[in-house]
Amino acid sequence: METKNMMIVGVGGQGTLLASKLLGRLLLTKGFDVKVSEVHGMSQRGGSVVTYVRWGDRVCSPIIDKGQADCILSFEMLEAARYTEYLKPGGRIIVNSQQINPMPVIAGAAAYPENLAEKLAALDAKVDAFDALSLAEEAGSSKAVNLVLMGRLAKHFDFTDEEWMDAIEKSVPSKFLEMNKKAFESGKAS
Amino acid sequence: MKTLMLGNEAVARGLYEAGCSFVSSYPGTPSTEITECVAKYEEVYAEWAPNEKVALEAAFGASLRGVRSFCAMKHVGLNVAADPLFTISYTGVNAGLIIGVADDAGMHSSQNEQDSRHYAMAARIPMLEPSDSAEGLAFAKLAYELSEQFDTAVLLKMCTRVSHSQSVVETGERKLPAQRAYEKNPAKYIMMPANAKRRHPEVEARTKALTEWAETAEINRVEPGQKKTYGIITSSTCYQYVKEALGDTYPVLKLGMIWPMPEKKIRDFAAAVEKLVVVEELDGFIEAHCRSLGLTVSGKDLFPEIGELSQNMVQEKLGQAVQKGEILSEEIPARPPVMCAGCPHRSLFYVLKKLNLTVLGDIGCYTLGAVAPLNAIDTTVCMGASVSGLHGFVKAGDEESAGKTVAVIGDSTFIHSGVTGLINIAYNESNSTVIILDNSITGMTGHQQNPTTGYNLKGDPCTKIDLESLCHAVGIKRVRVVDPYDMETCQTVIKEELAAKEPSVIISRRPCALLKYVKHPGPICANPEKCKGCKACMSIGCPAISMVDGKAVIDETLCVGCGVCEQLCKFGALSQREKNF
């Protein structure tokens, strides 16, 4: 099969790393060759972060280049807008509609673009914007946004619930397992 | 068993399987996880050293005593370890010794973009360069064999994309070689001139032998292609970009050992293709070798010396069609990294800026004090440069400028190489004021313990270096401790120490807000009735505060309640207590 490319983007601290690890782990159990590229160090400090998940028969490059992503899973609106150039024509964008102001906006040096959801929808892309933050809070914590998004993403994979749950169990601390499972379910049911 | 592993984790696994028993490193992105992962194996002794020079010398000592040893560092760390590196090349080893070094093309988390491959050639130490996690594991094991076969340390060169990408590896069992006996051998291990003169020819002979090995080594392999228009020589992550972009269109010579490089193998490869192209990141290192063989080669005329390469770039430069995506016709504001909400550095920098001081900075999270709106740092060069630079700056200036200049340095960085600068300040008596930002952890690289935290790499309690006593011991009489959250006291103390006519150290002490044991009072409450929209609270650049319709708003998911903004608000609009009413 042709290699599939998923970009997971967001703001440092939102849990994008855990999402990419979880997905990578699951894809490996399904027998794919998998590469997951992560971001560590300085950019984790509230900066724009991007991780790449690639799977197929043989995956070479660990990164996704412009025009190659089948799907962008974005934890925040502005970050979805930032990386549209990486999406394949007709690709899918799943985005948490939350707005997190970057420092230039907070400091008044730049403006947060308006009506981003509409502008994304005007692209040659399948856009699914929804409020993952509220669902995460309902599940018990704003930190569970990543699992809500994984749940929403799960609709586009033909993996069983057991397979997802197994990957979740292996990826999140046991203390927060129930809350994260709940967040995943609510994302999937939404 | 097949598992997904980070390149760094796979190297750690390879070390473990090869029977590595001693690891000493200093953290540095993107190398840090090698040491963190290997420390999880009970059979391996692993430690954080105060700096990379100490780490390499400790690893060398362990090799001498007969166990396979390892040390890891980032590219700039190898500069610190360069002194022992060049002479360990002469002594050789007893048990195998590997030096892991991770470059950061694109400078994701670094102050420069140096190409560490030059060290291999300069120090005459062989360097292996894995291109994914499976090779990370395999090359770590191979490096020990080479180290012992050729009596040399071996450099294992990583880069951000290999270190921080997960790919599939197959793990094996650990095989522990018997500890080698240590035997006195002054001619080999005492590098004074008479002995070193006899060792240098050995080094050159070894290089010849390694070059021979490189000619037939499996890790330097030719992969056939359908067309001979181009022949591509590549290594590391660039090999993956080439295969992604071109598949098996053109023949590829993939170099697993980047120094010394084969000669005949490269000549033969070049002779079989129409045009020789080198695809490599940063400097034209392989390219220069090809030129030294008298070959006509393309490389840096096509690919940049700056930043990372990618599969699209390989396609584009070799005349293939490149995929394109759609850009949103919209100004997208940048999202630079920022100090976290509750970061103890923020308020200290606010005070420094308020006092309009010249601030010589250093390497760590606090480098972010340089960005708007704090803009509180004047320089950042390398680990420790704030303290030593301050001494020169003060000596070269007048009394007034001494009273307006400070150095800021973190606890871990101070131990790494700030303390020697402080000794210079004390010994040569400059009227310097050094501020140690003690957040009780090595922050930027992801919370590693260090000699001032009281815990070791394995998480066990250990000797805690007392910073106050250390500063006193090196001859600094004035040592003050402040809480950075208390801005008024900070300001008073900084003014007093700047006015003092002798060297002084101010320790700004409060643990990193992200440490699990740190308890926070909970978010600050903003009262829109009291807020006058003066934006005083915005001047600290806290990501948890923003202005909405002219009023301050607190993001409760981020705010930890440090109370710094509360001290800035003259109208009592931001308050912890507010919620109780």
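The values are calculated or read from the model by the stated rules, or taken from the named source; none is laboratory data. Just so we're clear, the structure is a prediction, and the values are computed from it rather than from any experiment. Heads up, the Cβs are rebuilt from the backbone with ideal geometry, glycines too, and the neighbour counts pull from every protein chain shown. Heavy atoms of the whole protein, side chains included, go into the accessibility calculation; ligands, DNA and RNA do not. Shrake-Rupley method; radii C 1.70, N 1.55, O 1.52, S 1.80 Å.
Numbers for the structure displayed
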quantity: Across A:Lys119/A:Lys181; B:Lys53/B:Lys264; B:Lys157/B:Lys300; B:Lys495/B:Lys519, pairs whose alpha-carbon gap is larger than 29 Å; calculated: A:Lys119/A:Lys181; B:Lys53/B:Lys264; B:Lys495/B:Lys519
quantity: Size of charge dipole - chain B - debye, nearest 20, with Cβ of Lys, Arg +1 and Asp, Glu -1, no other charges; calculated: 580
quantity: Stokes-Einstein diffusion coefficient of region B:379-438, Kirkwood radius over Cα pairs, 25 °C, 0.890 mPa s, in µm²/s; calculated: 219
quantity: Dipole magnitude of region B:221-318, debye to nearest 20 (Cβ charges: Lys/Arg +1, Asp/Glu -1, about Cα centre); calculated: 420
quantity: Dipole axis of chain A (+1 Lys, Arg; -1 Asp, Glu on Cβ), positive-most option in A:Gly187, A:Ala109, A:Phe159; calculated: A:Ala109
quantity: Heavy-atom accessible surface of chain A: percent carbon and sulfur, 1.4 Å; calculated: 49
quantity: Distance from region B:410-470 to region B:259-338 (C-alpha centre basis), Å; calculated: 41
quantity: By average C-beta atoms within 10 angstrom, highest first, the peptides A:78-86, B:344-352; calculated: B:344-352, A:78-86
quantity: Cα-based Rg / Dmax (Å) for region B:151-261; calculated: 19.6, 57
quantity: Antiparallel bridge percentage (DSSP; both residues within region B:169-276; nearest 5); calculated: 45
quantity: Dipole-positive endmost among A:Leu23, B:His200, B:Leu355 within the protein assembly as shown (Cβ charges, Cα centre); calculated: B:His200
quantity: Solvent-accessible heavy-atom area per residue, rounded to whole Å², over region B:525-575 at 1.4 Å; calculated: 47
quantity: Solvent-accessible area per residue for region B:367-428 (1.4 angstrom probe, square angstrom); calculated: 38
quantity: Shielding by other protein chains, A:79-89, mean Cβ within 10 Å; calculated: 4
quantity: Area hidden from solvent between B and A (accessible, protein heavy atoms only, 1.4 Å, total, Å²); calculated: 4600
quantity: At R0 = 56 Å, FRET efficiency that the Cβ-Cβ distance of B:Val553 and B:Arg174 yields, to 0.05; calculated: 0.50
quantity: Amide H partners (placed H, <5 Å) of A:Asp128, local residues excluded; calculated: A:Ile93, A:Ile94, A:Val95
quantity: Counting DSSP beta bridges with both ends in region B:221-318, the antiparallel % (nearest 5); calculated: 25
quantity: Tilt relative to chain B, helix B:385-396 - C-alpha long axis, 0 to 90 degrees, to 10; calculated: 60
quantity: In order through region B:312-318: 3J(HN,Hα) via Karplus (6.51 cos²θ - 1.76 cosθ + 1.60), integer Hz, x for Gly, Pro; calculated: 4, 5, 4, 4, 4, 6, 9
quantity: Region B:496-573, relative contact order [Cα under 8 Å, separation at least 6], %; calculated: 32
quantity: Threshold 10 Å², region B:300-325 residues less accessible with all protein chains present than alone (1.4 Å probe); calculated: B:Ser310, B:Gln311, B:Asn312, B:Gln323, B:Lys324, B:Gly325
quantity: Whole-number percent relative contact order across region B:2-213, with pairs defined as alpha carbons under 8 Å at least 6 apart; calculated: 28
quantity: Ordering of B:425-431, B:541-547 by burial proxy (mean other Cβ atoms within 10 Å per residue, highest first); calculated: B:541-547, B:425-431
quantity: Rg and Dmax [Cα atoms of chain A; Å; Rg one decimal, Dmax integer]; calculated: 15.8, 49
quantity: Average accessible surface area per residue within region B:2-213, 1.4 Å rolling probe, Å²; calculated: 35
quantity: Length added when fully stretched, B:Lys532-B:Lys519, from 0.36 nm per residue minus Cα-Cα; calculated: 1.6 nm
quantity: Full-stretch length increase - B:Glu145, B:Glu212 - with 0.36 nm per residue and alpha-carbon distance subtracted; calculated: 22.5 nm
quantity: Globularity index of chain B, i.e. its alpha-carbon radius of gyration over 2.2 N^0.38 Å; calculated: 1.08
quantity: Helix B:52-64 vs. chain B, principal-axis angle (Cα, 0 to 90°, nearest 10); calculated: 40
quantity: Where labels lie 7 Å past Cα in the beta-carbon direction, separation of B:Ser329 and A:Ala122 in nm; calculated: 0.7
quantity: Other protein chain Cβ atoms within 10 Å, averaged over every residue that makes up A:104-116; calculated: 5
quantity: Order of exposure, largest accessible area first, which applies to B:Thr211, B:Thr216, B:Thr229, B:Thr420 with probe 1.4 Å; calculated: B:Thr216, B:Thr420, B:Thr229, B:Thr211
quantity: Chain B, accessible surface, carbon-and-sulfur percent (1.4 angstrom probe); calculated: 53
quantity: Rounded FRET efficiency, nearest 0.05, which uses the C-beta distance separating B:Ala272 from B:Asn356 and R0 of 51 Å; calculated: 0.15
quantity: Using alpha-carbon coordinates, inclination of helix B:82-91 to the longest axis of chain B, degrees; calculated: 30
quantity: Residue-count net charge about B:Glu497 - beta-carbon cut-off 13 Å; Lys, Arg +1, Asp, Glu -1; calculated: +4
quantity: For the protein assembly as shown, convex hull volume per residue from C-alpha positions, Å³; calculated: 173
quantity: Dipole in debye (nearest 20) - the protein assembly as shown, about Cα centre, beta carbon charges: Lys, Arg +1; Asp, Glu -1; calculated: 780
quantity: Solvent exposure ordering (accessible area, 1.4 Å, most first) of A:Trp164, A:Trp55; calculated: A:Trp55, A:Trp164
quantity: Over region B:464-554 - Rg/Rh using Cα atoms and the Kirkwood inverse-distance radius; calculated: 1.11
quantity: Ordering of B:498-511, B:518-531 by burial proxy (mean other Cβ atoms within 10 Å per residue, highest first); calculated: B:498-511, B:518-531
quantity: Relative contact order %, region B:290-399, counting alpha carbon pairs below 8 Å whose residues are six or more apart; calculated: 16
quantity: Shielding by partners - mean other protein chain Cβ count within 10 Å, residues of B:3-9; calculated: 3
quantity: Signed unit charges on C-beta, dipole axis of chain B, positive-most listed residue B:Cys365, B:Cys534, B:Leu97; calculated: B:Leu97
quantity: Dimensionless Rg ratio for region B:221-318, taking C-alpha atoms and the 2.2 N^0.38 Å reference; calculated: 0.95
quantity: Inter-centroid distance (Cα atoms) of region B:339-404 relative to region B:507-524, Å; calculated: 22
quantity: The protein assembly as shown: antiparallel DSSP beta bridges as a percent of all, rounded to 5; calculated: 35
